[in-house]
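Heads up, the thing below is written out as structure tokens.
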Amino acid sequence: MRSGLFICALALLSCASATSHRALRSEAQNQVSVYGQCGGQGFSGDTTCTTGNTCVYIFSSYSQCQPTPPTSTEFATYAQCGGRDFKTNGKTCRPGDMCYQLTATLSRCYPKQSD
């Protein structure tokens, strides 16, 4: 699943179109994962976003879970979080994200995937 997110981040595409439906919904907790629909007129699905995400109004029939802006001690989703000679200065990935090593010199924060 991580490769789908990597392609999404590189291609600057909507992550919802680059990931599977399974990644958009966390069935065990009945929570909506990042970039999944969480509300809108006539919507009857789950409305609670996973940790680190907020339900954002897009238009009357669609609201979407989007990453909550990071605090001063957190890296944003998809930001560099490690790699050779990289200084974290005490920052970590946001709740709901995980730092994945892509190469020896680059690690990035990606949303955790539900199994």
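Before moving on, here are some points about what is shown:
- For segment 26-115, the strands (runs of 3 or more DSSP E) that sit wholly inside it and include 1 or more residues that are touching a strand residue (DSSP E or B) at 6+ places or on another chain (Cβ under 7 Å) and at pLDDT below 95 are 53-59, 62-67, 97-103, 106-111.
Per-residue answers, yes or no, for (1) under 10 Å from the mean Cα position of the chain (by Cα); (2) under 19 Å from Val34 (Cβ atoms); (3) not assigned by TED's automatic domain parsing to the domain that holds Gly39:
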position	(1), (2), (3)
Val56	no, yes, no
Ser61	no, no, no
Gly82	no, no, yes
Gly90	no, no, yes
Gly96	yes, yes, yes
Cys99	no, yes, yes
Thr103	no, no, yes
Leu106	no, no, yes
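The values are calculated or read from the model by the stated rules, or taken from the named source; none is laboratory data. Note that the structure is a prediction, hence the values are computed from the model and not measured. Every residue, glycine among them, receives a Cβ derived from its backbone with ideal geometry; neighbour counts consider all protein chains shown.
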